[in-house]
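Quick notes on the structure that follows.
The values are calculated or read from the model by the stated rules, or taken from the named source; none is laboratory data. Note that the structure is predicted; figures quoted are calculated from it, not measured. Reconstructed Cβ throughout: ideal geometry from the backbone, glycine too, with neighbour counts over all protein chains shown.
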Amino acid sequence: MDGSAWFSLRLSLQVASAATLLVFVAGLAVAYLLAMKDFRGKEAVDMLFTLPLVLPPTVTGYYLILLFGRNGLFGRPVFEATGWSVMFTWQAAVIASFVVALPLMIKTARAAIESVDRNIIVAAYTLGHSRFTTAVKVILPLAKKGIIAGTVLSFARAMGEFGATLMLAGNIPGRTDTMPLAIYTLAGSGEWSSAHILVAVFTVISGAFLYIANIYGKKAVI
Amino acid sequence: MTLQVSISKVLPGFTLDVSWEVGNELAVLFGFSGAGKSMTFRMIAGVMVPDRGLITLDNRVLFERPSGTDLSPQERSLGYVFQDLALFPHMTVMENIRFGGHGKNRKLLDGEARMLVRRFHLSGLEGRFPSQISGGQQQRVALARALMRHPKALLLDEPFSALDAPVRAEMQQLVKEVQQELSIPVVLITHDLNEACGIADRMIVYSSGRVIQAGTPAEIVRHPFAAEVEQLVSYRIGLCEQKLCPC
């Protein structure tokens, strides 16, 4: 593998790690809320977060441009205040990966949390434990397998993100070309030997993560 | 210490409307399945809300509607042993019992939990998980865990239904001893007349969401007020012969 291939691998790992960290925190919070609370519009919230799972990545990417582009809902005030835009940066790749990986975490973790026996949760309450203590010491440990499986799946999905990343971060060599984008470029320019190596490396990494997700996800339902 | 319950709740196809009071004694809620016994417990524990009524424990209002008091389960100072025990499967026996305790003094909690382990004959099982011990041992863990909270009343929802006869007798004896030691209201649900006769100071008979008779086991068995009670105690003859029930 040459320097640019190593860069793509390192960038992909960096982007996927940052996105997974965000997915873990936000996804777990949303999953817990959806699993434990009853509120009006609950399924609409679930639908909104799950949408990137079924939308074409280009559509997700388009929405992200509307939000984070220089004239976007969030992008414009940030650009006006700092002169900086997240577009065409590695952070944009993190946002794209975060948005497409989030539904996997929410779906898996929600199912795991919902599968915890309600009597066990009530038992903790009747023993005098607060909702927070019960969540930390009872619910989350019992949903651990599903949460780990969701995290690993999210990482694998973030690693493989292509379409939305292309829309928001572009495909700038040495800057935003994550592995899937680098493979696309290599295949387009007929550099098959380099493409073969990157594809093989990528397949091994993704396969390893799926294997881990399967081990932890035995009890989790997607 | 008195547990006073006077509650009602209307659900589709079922109405619960009961009123009873239990002092420092062992009372049994007796009746067929689906009569509203477990629902009453859930309302006393604060995990289900009655439509109206009053629940007090030791003169403290736990629930009152229409006035609006509705303490959370955490605030009710009750020990509640569920029918399925609801032990925490990821915690060991010792951790399960300790989880019932509160306070920052770890040593004190450990000491208290160890005392309960000895008291409930669980020594040697501290490091095992609930799935690794027998049904009777699980029952004892659930009871010990409930007692770690220093409850002012104990609710036991069909705690012995899954146990073999010898273990069941042992557990009944243990509950009786606990009630006498702590001198708190202990209310137990059963639909087994044998069990009710053997353990209860007082029986409260439920039928279709109502209390149809309350009294000592002898009063209930000898003088059933209603046809439903008569039906419930109809197999007492066999128990009389075995001297299990007053006749």
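Give me the pairs, please: first residue somewhere in region B:17-34 and free of Cβ contacts under 8 Å to residues at least 24 places away in the same chain, second residue anywhere and surrounded by 15 or more Cβ atoms within 10 Å (Cβ to Cβ) and not β-branched (Val, Ile, Thr), beta-carbon distance under 8 Å, and either six or more positions apart or on two chains.
B:21/B:3; B:21/B:4
Does residue B:77 qualify as being hydroxyl-bearing (Ser, Thr, Tyr), touching a His at 6+ places or on another chain (Cβ under 9 Å) and touching a residue at least 24 places away in the same chain (Cβ under 8 Å)?
yes
Any residue in region A:1-21 that is surrounded by fewer than 17 Cβ atoms within 10 Å (Cβ to Cβ) and over 30 Å from residue A:195 (Cα atoms)?
no
Can you pull out the residues in region B:94-104 that are within 9 Å of chain A (Cβ to nearest Cβ) and under 20 Å from the mean Cα position of the chain (by Cα)?
B:99, B:100, B:101
Cβ-Cβ below 8 Å, separation at least six or inter-chain, first residue in region A:115-127 and over 14 Å from residue B:72 (Cα atoms) and of a type in the set (Ser, Thr, Tyr), second loosely packed, with under 15 Cβ neighbours inside 10 Å and modelled with pLDDT under 95: which pairs?
A:115/A:219; A:115/A:221
Residue by residue through region B:5-16, note down the ones that are over 18 Å from the mean Cα position of the chain (by Cα) and in contact (Cβ under 8 Å) with a residue 12 or more places away in the chain.
Answer for region B:5-16, where residues must be over 18 Å from the mean Cα position of the chain (by Cα) and in contact (Cβ under 8 Å) with a residue 12 or more places away in the chain: B:8, B:9, B:10, B:14, B:15, B:16.
What residue, of B:90, B:102, is surrounded by fewer than 17 Cβ atoms within 10 Å (Cβ to Cβ) and in contact with a helix residue (DSSP H, G or I) (Cβ under 7 Å, 6 or more places away or on another chain)?
The unique qualifying residue is B:90.
Taking the options B:137, B:172, name whichever one is polar (S, T, N, Q) and outside the structural domain of residue B:7 (by TED's automatic domain parsing).
Residue meeting the stated conditions: B:137.
Go through region B:65-93 residue by residue and tally those that are away from chain A (no Cβ under 14 Å) and over 22 Å from the mean Cα position of the chain (by Cα).
So the count comes out to 5.
Within region A:70-103, track down each residue that is farther than 19 Å from residue A:51 by Cβ and either of a type in the set (Ser, Thr, Tyr) or not in a helix (DSSP H, G or I) (or both).
If the condition is that a residue be farther than 19 Å from residue A:51 by Cβ and either of a type in the set (Ser, Thr, Tyr) or not in a helix (DSSP H, G or I) (or both), then A:70, A:71, A:82, A:83, A:84, A:85, A:86, A:87, A:88, A:89 are the ones that fit.
Given the structure, is residue A:173 modelled with pLDDT of 95 or more and surrounded by fewer than 18 Cβ atoms within 10 Å (Cβ to Cβ)?
no
Filter region B:48-76 for residues that are among the small types (Gly, Ala, Ser) and surrounded by fewer than 17 Cβ atoms within 10 Å (Cβ to Cβ) and give the result.
Once the filter is applied, which keeps residues that are among the small types (Gly, Ala, Ser) and surrounded by fewer than 17 Cβ atoms within 10 Å (Cβ to Cβ), region B:48-76 yields B:67, B:68, B:72.
Within region A:107-159, which helices (runs of 4 or more DSSP H) (wholly inside it) include 1 or more residues that are more than 14 Å from every other protein chain (Cβ to nearest Cβ)?
The helices (runs of 4 or more DSSP H) meeting that bar are A:144-159.
Restricting to region B:143-159, what's the tally of residues that are more than 10 Å from chain A (Cβ to nearest Cβ) and of a type in the set (A, V, I, L, M)?
The number of residues fulfilling the criteria is 6.
Being part of a helix (DSSP H, G or I) and basic (Lys, Arg), is that true of even one residue in region A:167-184?
No: zero hits.
Restricting the search to region B:30-42, which residues are at pLDDT below 95 and among the hydrophobic types (A, V, I, L, M, F, W, C)?
Result: B:30, B:32, B:35.
Filter region B:105-131 for residues that are within 13 Å of residue B:87 (Cβ to Cβ) and within 25 Å of the chain's Cα centre (by Cα); which is surrounded by the most Cβ atoms within 10 Å (Cβ to Cβ)?
Among those residues, the one meeting the criterion is B:122.
Take the residues in region B:51-64 that are aliphatic (A, V, I, L, M) and free of Cβ contacts under 8 Å to residues at least 60 places away in the same chain; name whichever of them is nearest to the other protein chains (Cβ to nearest Cβ).
Result: B:62.
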